[in-house]
1. Among the residues of the range 328-352 satisfying the criterion of being touching a Gly at 6+ places or on another chain (Cβ under 9 Å) and surrounded by fewer than 18 Cβ atoms within 10 Å (Cβ to Cβ), which is modelled with the highest pLDDT?
2. Test of understanding: among 94, 125, which residue is outside the structural domain of residue 599 (by TED's automatic domain parsing), outside any strand (DSSP E or B), surrounded by fewer than 18 Cβ atoms within 10 Å (Cβ to Cβ) and in contact with an Asp or Glu (Cβ under 7 Å, 6 or more places away or on another chain)?
3. Where residues in the range 630-686 are assigned to a loop (DSSP other than H, G, I, E, B) and among the aromatic types (Phe, Trp, Tyr), which of them is farthest from the chain's Cα centre (by Cα)?
4. Here are 278, 274: which of them is surrounded by fewer than 17 Cβ atoms within 10 Å (Cβ to Cβ), under 15 Å from residue 194 (Cβ atoms) and in the same structural domain as residue 196 (by TED's automatic domain parsing)?
5. So, residue 131, is that one in contact with a Leu (Cβ under 7 Å, 6 or more places away or on another chain) and within 27 Å of residue 407 (Cα to Cα) or not?
6. Identify, please: which residue in the range 477-500 is in contact with a Phe, Trp or Tyr (Cβ under 8 Å, 6 or more places away or on another chain) and hydrophobic (A, V, I, L, M, F, W, C) and is, among those, nearest to residue 89 (Cα to Cα)?
7. Taking the criterion of being at pLDDT 95 or above, crowded, with 18+ Cβ neighbours inside 10 Å and outside the structural domain of residue 672 (by TED's automatic domain parsing), would at least one residue in the range 504-516 satisfy it?
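The values are calculated or read from the model by the stated rules, or taken from the named source; none is laboratory data. Owing to the predicted nature of the structure, the values given are computational and were not obtained by experimental measurement. Note that we place each Cβ from the backbone using ideal geometry, even for glycine, and neighbour counts take in every protein chain shown.
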Amino acid sequence: MGETKIVKTSCAVCGACCEIDAYVEDGKLVSVEGAKNTPMQEGGMCAKGVAAAQFEYNPERILYPMKRIGEKGEGKFARISWDEAYDMIAENLLKVRREYGPEATVFYVGYPKWFRPAMLRFANLYGSPNFCTESSTCFQAAALAWKSIYGNRICGPDLNNTKTLLIWSSNLYHSKTTTSGSYQALKKRGVKIIDVDPRHTVTAHDADLHLQLIPGTDGALALSMAQVIIEEDLYDHDFVENYVFGFEEYREYVQKFPPEKAEKITGVPADKIRRAARLYAGNGPASLMFSASPIVHHINGVQNYRAVFSLIALTGNYDVEGGNRTQPGPFSPANEFGKVKRYDGKEAIGQKDFPAWFDLPCQEAQCTRLADYILEEDPYPIKAVFSAGMNHRMWPKPGHLLEALKKLDFYVNTDMFWSDASTVADLVLPACTSYEREEVQTKPGGRFFFSNRVVEPLGEAKNDIEIIMEVMKRMGLEDEVLAKGYDAYMQYILEPSGLTLEELKAHPEGMKGKNLYPPAVKTYEREPFHTPSGKVEIRSLVLERYKDTHGYSGLPVYQDFWEIAGVDQKQYPLILNTGSRKPQFFHSRVYRMPWLAGIEAEPMVEIHPEDGKKYGIEDGAKVRVVSPAGEMTGAAAYHVGGKPGVVYIYHGSPHGDANELIGKDYLDPISGFPGFKSYFCRMERV
């Protein structure tokens, strides 16, 4: 056995990019552990990260450029050189642009996310408005809801100074494992914690008050809390009178949701709603911790989140110490997106269906209906997709997208592993893992970190940005930043911080930026909100533009998803919830890792024991789940954490994908997000 060395790097199995110490022997990664003395981490690692060696040396790794030689979907590929691959891409993309226009090509980034700005630069130079990412089903709807109220500046919770923390559907122990120590520190400091979650999680167990609501009823709960706060005169009169637009209409609307009525809708006892409202409004400063997707994975998701976010303004906890405030950091944003905007020279896909997505704005097109846009050629023909990390299982009815991808004239996918989405491609390219490349990363509080290469790339795998740079070069497209090479690009990202790339490389523990804006509060006193009214818009003027054409309401109205869908509740009496976090899974990526996949041999259909008895299904029995969109089988697993009447299934399993049960048109009308967490089903014992 050779000498063991420790390399400072980061894990990118999920999007958290936690800093780690990688142990290398004879040029091979053998193990990892969480970096110690690192802000927000304290040395911990999640189950996904610990399986790093199985991730790096997985037999499903793509090692060489592979060209399709059989029918699409047949899985027959032949190895080609990188030169052949680059020329093939350039020839096909230039042909599509020449014959159909640049909008006929979609540029897509799935996981990992780190190279999105480079792909956006490529799409812009090509002339396509159709730069898309997996955020068409993750985070952007939450951002849209926030921007509709406060403008562009999203404010996170000031945990260091808060007295009350309202966590809304974020299970820290599963989704932000490395922050669990910070969560425990809040408890020790005496911070009061309210946790809103349909399941009794570990996070909920440690909270002072758990509001266990029925999935999809978040808006009714938030509106009821607002009703109590207003009724009992607990709201911040000064902030509301000076900085809030639409308060009178909002005050009138929330009177429809007294706690007794909200209890019938949400399943949360009226007395708990009152206690939560009084605690959040009365024990300030209070902050709200929200998550990327759970609330917006409902067909009433954007308005539900708008109701939740409105509580911050109502209580005057916006941009104050201990509330939700602007975080200190470098002059540049957390990534390079602040310097480059999506090309909007022509209507993008999704723009006609979801106009507020583009008005508020997002920096990408909305591609949840990508399969329909390809198959129906509406608003125009889509003939090519240039993608990296395409995972069709991120869509509802993923098989529908897979069939659409087969219809393209040209489809190339760059990825680390062979997947179904790669099997239907014309060309597949091998990407480096985070252990095989270098990266500059921005961290909270204006800190920067250089993620080192740990091992040499397997096969002929390449850095995604270097692939994009070379493709652009072959096509005769020159971006002033990317054309200078990868090291120059990393330096470009660092420039606003005042650091140099060499400085950062010389400090493996990371460095604070030299140019930081100081912590500030009440920034709204010096500049208006970036909204049409210049104020906090509890009644959104942007959404009201589409009242007649799309039926949007400016107020955060609550609508029952059963009523919207019009589903026969006798035929489908149960709520189907897909994708709730599990500590060992991340979408479909890690099912190929034995340590993690072996925990569940088949899809687990989690049900409350009361439902098991009601439908004659024992714990562990084979069960069929049937929805209006499809059916699948799995193993019933009794779980007392959820409410009776709700079925939980994680998505992405190759043995049965729960997202195949979700109707492709079951979408939030504002964001286009699928209702992954409140669809309809019934169960049958097999």
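1. 346
2. When all the criteria are applied, what remains is 125.
3. Within the range 630-686, the match that is farthest from the chain's Cα centre (by Cα) is 666.
4. None of the other options fit; the residue is 278.
5. Criteria met by residue 131.
6. Among those that are in contact with a Phe, Trp or Tyr (Cβ under 8 Å, 6 or more places away or on another chain) and hydrophobic (A, V, I, L, M, F, W, C), it is 477.
7. yes
The rows are residues; the columns are (1) small (Gly, Ala, Ser); (2) touching a residue at least 40 places away in the same chain (Cβ under 8 Å); (3) surrounded by 14 or more Cβ atoms within 10 Å (Cβ to Cβ); (4) part of a helix (DSSP H, G or I).
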| position | (1), (2), (3), (4) |
| --- | --- |
| 70 | yes, no, no, no |
| 75 | yes, yes, no, no |
| 85 | yes, yes, yes, yes |
| 108 | no, yes, yes, no |
| 111 | no, yes, yes, no |
